[in-house]
Every structure is written in C-alpha cells, then in structure tokens.
C-alpha cells in the first residue's frame, strides 16, 4: 500500500494566525483565496505529474481519496477528485486535533456540531458520507475541546485500519490537518505517547507526505516494513504560495 498524507490549503484561521489575530478564529473555517489556489495546484500535480525522480518516476494513480469532515479539508479535496475523476469519501476520524470548538471570553470551551449531512450534501454533492455524519452534524458538542488522549486514540484507530490494508496494492490519499498528520506519523513510527512540545512533524498547506507499506527481507525471512519516502513536499507550489 502506498499512502499520501495531504494537508488542507490555507484556511481563514491560518491567515489570522499569521497576522497575529488568532482570537478572531472561527470553529470551522473555509479556505482563503490562496488556499483555493494551493488546492488547484496540488490537484493538477496529482493528476499530471510523476511521483519520485529518475527511474522511480511514475504517475500517482490514486485508488482511494479520503478527507476530514472539516470544511477546509473538503474544499481542498474537491478539485483533487475532479482532476482525478474519482470519488472522495469523508473519514471523520482524520479531523484536526481538538475538534470543533471556540473559547469564549470566560475561557470556556464551546463545541460545535459541524456540517450536518444535509448541509454537507448541499455544499459537496459528490462526496461519499459515512454514517457518523448525521442531521445533527458529526462532532459531539459536549466534548468542547477534544482531549489529547482522544486525539491519540483516533490516530491509533486510523493506523489500525490502514494496517489492515497495508498488504494490498492500494494507493490512498488522505486530506487532513497539520496536528493530526503529526500524530499519525508518530503512530506509524511508534512515537506515541510523546510530549507534543518535544517533537512536531510540520506540514505546510497542501504539502504531501508519502509512506509505503511493503514487504522486505531480513536475511532469508520476509518481513513487513514501512518506508517514509518524503515529508512535507511542496514542489507543486511556487514559493509565494508556501504557507503554514
């Protein structure tokens, strides 16, 4: 199995953070105009370009495309599935660390339900929706801000599902978020639990990370192994479109 982890394009919250206006953040931001440009560029890259240099060069040839239920991830995925002429499926467990929340003036964490199945279908009519996107949304508002232990548990669930498919020939792309991609990479590398302040795998907006699951040889024995080919690759973007 070949896995591509793709971060969403620049969101309104990303732009606010860079401008030092983080307090103005919203719970489920949309892409900025730069974010839409980044999404179009990564879509054309996946459709038209070859992966890896030299003799290893070959088309991406994705077989499955998944994304988080957050608006910015779905907006990033939309031009990808259109360029590749394939279906995209929402995978709720790959949402950003923390979930959908805001902190009010008293410091209380307020949870939001996210797009309902009706709203999601209206905005993104060609996406395949799972059962956990309902008419009440997809995020449990009582959680407020997701606990770190719950984020880690999600990463482990996603890891286990991908491990179950690792011996196949699938080429899977997941459009997700910086915090969750960091957690997922740490899960692959058996670096959980870890202090989140000690190590963070940074990914820029629409950066691609490639991880292969393959069989290798240890002496005469065939063993499963994972190969991290590259991390945070943004060669589909011009330097003025690099954001994080």
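The values are calculated or read from the model by the stated rules, or taken from the named source; none is laboratory data. Because the structure is predicted, anything quoted here is derived from the model rather than measured. Don't worry about glycine lacking a Cβ; one is built from the backbone with ideal geometry, like all the others, and counts go over all protein chains shown.
Observations
- Check on residue 172, in contact with a strand residue (DSSP E or B) (Cβ under 7 Å, 6 or more places away or on another chain), in contact (Cβ under 8 Å) with a residue 24 or more places away in the chain, surrounded by 15 or more Cβ atoms within 10 Å (Cβ to Cβ) and in a helix (DSSP H, G or I): no
- Meets criteria (touching a strand residue (DSSP E or B) at 6+ places or on another chain (Cβ under 9 Å), surrounded by 12 or more Cβ atoms within 10 Å (Cβ to Cβ), modelled with pLDDT of 95 or more and assigned to a strand (DSSP E or B)) for residue 96: no
- Residue 126 being at pLDDT below 95, closer than 20 Å to residue 8 by Cβ and either in contact with a helix residue (DSSP H, G or I) (Cβ under 7 Å, 6 or more places away or on another chain) or exposed (fewer than 15 other Cβ atoms within 10 Å of the Cβ) (or both): yes
- Here the condition is being outside any helix (DSSP H, G or I), surrounded by 14 or more Cβ atoms within 10 Å (Cβ to Cβ) and under 13 Å from the mean Cα position of the chain (by Cα); of 69, 73, it holds for 69 alone.
- Take the conditions (1) closer than 18 Å to residue 179 by Cα; (2) modelled with pLDDT under 95; (3) surrounded by fewer than 14 Cβ atoms within 10 Å (Cβ to Cβ); residue 244 misses just one of them, which is (3).
- So residue 38, is it modelled with pLDDT of 95 or more and surrounded by fewer than 18 Cβ atoms within 10 Å (Cβ to Cβ): no
- Checking each residue in region 1-28 for being farther than 22 Å from residue 232 by Cα and in contact (Cβ under 8 Å) with a residue 12 or more places away in the chain picks out 25, 26, 27, 28.
- If the condition is being crowded, with 17+ Cβ neighbours inside 10 Å and part of a strand (DSSP E or B), then region 84-93 contributes 88, 90.
- Flag if residue 157 is surrounded by fewer than 17 Cβ atoms within 10 Å (Cβ to Cβ), in contact (Cβ under 8 Å) with a residue 60 or more places away in the chain, touching a helix residue (DSSP H, G or I) at 6+ places or on another chain (Cβ under 9 Å) and under 26 Å from residue 3 (Cβ atoms): yes
- Flag for residue 38 being over 17 Å from residue 123 (Cα atoms) and in a helix (DSSP H, G or I): yes
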